[in-house]
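These notes concern the structure reproduced below.
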Amino acid sequence: MTAQNVCTPSSNNLARPHSDAVWGAAWTASDTVVSISADGSIKQWASTSGQGHPPNASLPPPHPLGLVSLSVSPDGLRALYNTIEGLTCLLDLTSGEVLARFESFARTSGDPAADSVGEIDPSWAVALHPDGGTYASTGGGGNVTIRSAQPETFGKEVASLTSGRSKFGMFCQYSPDGKRIAMSMETGQIYIFDVEAGSLTTTYTSHALNVRSFAWSADSSLLLSASEDKRLTLHDVRESPGGSAGGAVATFTGHASWVLSVDISQDGKLGLSGSADKTMKIWDIGARAAVSTVQDTGEVWAVSWRPRPSAGGAGAFVSGGEDGVVRWWRGAGVSV
């Protein structure tokens, strides 16, 4: 398989390209792409043209600080994003309207005793539940907090999941079936929580350094993680018939620097990774090997496969990187 750049956002449309690094990008079920940037802006693009979308809607003005986390609902209608200091916002992708905001850094727990000892944990990474009713967040406390994603009660704490560690929580994501939450730490551990039971079920120590990103397979059975140790690790999270937890089943090597972003195609056959070595790699998960390396212009902070099925395989993907440009790519013989 080879890959080629097929289009980039033009500079003369309603929503201009980012002026700083793209720190998150997601290709939605509505066939648009949402991106967030160190310049404090969130933008939505029409995948067919690279133009700002919706054409006549204005997105929120840039935040004074960068946006570091992005999560898009499975139906492609809403996006959840988070700023460096912990302001979480829910965006209607159809209208461009911010439906709700929550300042996780503010002392608003309602418990004076808790507020006085600083138990408010500002969010760093956020993730929408597949049904859109709640979202998960993690940050400096190393735990996962589940909060309401309903506009009327947005940010209200629903549950708290404890990792038992006080290291920084770098990334979190619900499994597609909504039954688990995975959270990674700066020290390299990955924690799997059972949402219904509200408890920690598994800890993976597959990486030696910070786990920057991970992705679930569509059937929620596999988790592919990306780390500053230059490796990706594939985990089988299913329990064995005896009840024991799954574990690491494969390691992917080949990047020359930190692996910053990762995704798994909808059919579960291909992995995709972006690295600080200024390349992206496409991985054959079954063969446990890289099948393509794509050169980019800078560090690749975000990658996302197109969720829409396409003839001939996984097909198109999108990337965002240090130069502030969102790029659409396709596999050989597959049109975007």
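The values are calculated or read from the model by the stated rules, or taken from the named source; none is laboratory data. Quantities reported herein were computed from a predicted structural model and do not represent experimental measurements. Here the Cβ is made from the backbone with ideal geometry for all residues, glycine too, and neighbour counts use every protein chain on show. The area values use the complete protein model at the heavy-atom level, side chains included, leaving out ligands, DNA and RNA. Shrake-Rupley method; radii C 1.70, N 1.55, O 1.52, S 1.80 Å.
Out of (1) under 15 Å from the mean Cα position of the chain (by Cα); (2) more than 23 Å from I84 (Cα to Cα), what's the single condition that is false for L200?
With (1) under 15 Å from the mean Cα position of the chain (by Cα); (2) more than 23 Å from I84 (Cα to Cα) applied to L200, the lone miss is (1).
Specify which of the listed residues (S10, S35, S19, S49) is modelled with pLDDT of 80 or more, under 17 Å from W328 (Cβ atoms) and open to solvent by 20 Å² or more (accessible area, probe 1.4 Å). Lay out the reasoning, then the answer.
On the way: S10 fails: modelled with pLDDT of 80 or more; S35 fails: open to solvent by 20 Å² or more (accessible area, probe 1.4 Å); S19 fails: under 17 Å from W328 (Cβ atoms).
Checking each option against the conditions leaves just S49.
For segment 64-83, which positions are assigned to a loop (DSSP other than H, G, I, E, B) and either more than 22 Å from G324 (Cβ to Cβ) or open to solvent by 40 Å² or more (accessible area, probe 1.4 Å) (or both)? Even if it seems obvious, please write down each step before you answer.
Within segment 64-83, the subset assigned to a loop (DSSP other than H, G, I, E, B) is 64-66, 73-77.
Of everything in segment 64-83, those that are assigned to a loop (DSSP other than H, G, I, E, B) and either more than 22 Å from G324 (Cβ to Cβ) or open to solvent by 40 Å² or more (accessible area, probe 1.4 Å) (or both) turn out to be P64, L65, S73, P74, D75, G76, L77.
Going residue by residue through segment 106-122, is there one that turns out to be modelled with pLDDT of 95 or more and closer than 17 Å to K167 by Cα?
No, segment 106-122 contains no residue that is modelled with pLDDT of 95 or more and closer than 17 Å to K167 by Cα.
Of the residues in segment 176-190, how many are assigned to a strand (DSSP E or B) and either modelled with pLDDT under 95 or open to solvent by 10 Å² or more (accessible area, probe 1.4 Å) (or both)? Let's see the steps before the verdict.
Start the filter on segment 176-190 by keeping residues that are assigned to a strand (DSSP E or B), which leaves 180-185, 190.
After this cut, where a residue has to be either modelled with pLDDT under 95 or open to solvent by 10 Å² or more (accessible area, probe 1.4 Å) (or both) as well, the list is 180, 185.
Matching residues across segment 176-190 total 2.
Of everything in segment 137-175, what is more than 19 Å from W23 (Cβ to Cβ) and in a strand (DSSP E or B)? Give them in sequence order.
If the condition is that a residue be more than 19 Å from W23 (Cβ to Cβ) and in a strand (DSSP E or B), then V144, T145, I146, R147, S148, E157, V158, A159, S160, L161, Y174 are the ones that fit.
Could you please give the count of residues in segment 172-190 that are in contact with a Ser or Thr (Cβ under 6 Å, 6 or more places away or on another chain) and either under 10 Å from L161 (Cα atoms) or free of Cβ contacts under 8 Å to residues at least 24 places away in the same chain (or both)?
Count: 0.
Restrict the check to segment 157-166 and report whether at least one residue is under 19 Å from S71 (Cα atoms) and open to solvent by less than 10 Å² (accessible area, probe 1.4 Å).
Looking through segment 157-166, none of the residues is under 19 Å from S71 (Cα atoms) and open to solvent by less than 10 Å² (accessible area, probe 1.4 Å).
Collect the residues in segment 84-99 that are at negative phi and either open to solvent by less than 10 Å² (accessible area, probe 1.4 Å) or among the polar types (S, T, N, Q) (or both), keeping them in residue-number order.
T88, C89, L90, L91, L93, T94, S95 - these are the residues of segment 84-99 that are at negative phi and either open to solvent by less than 10 Å² (accessible area, probe 1.4 Å) or among the polar types (S, T, N, Q) (or both).
Among the residues of segment 213-233, which ones are under 12 Å from the mean Cα position of the chain (by Cα) and surrounded by fewer than 23 Cβ atoms within 10 Å (Cβ to Cβ)?
W216
Just need a number here: residues in segment 118-157 that are in contact (Cβ under 8 Å) with a residue 60 or more places away in the chain, of a type outside the set (G, A, S) and over 20 Å from W216 (Cα atoms).
2
Residues A302, A314: which one is out of contact with any Pro (no Cβ under 8 Å at 6 or more places or on another chain), modelled with pLDDT under 95, closer than 13 Å to D263 by Cα and aliphatic (A, V, I, L, M)?
Numbers: A302 fails: modelled with pLDDT under 95.
None of the others qualify; the one that does is A314.
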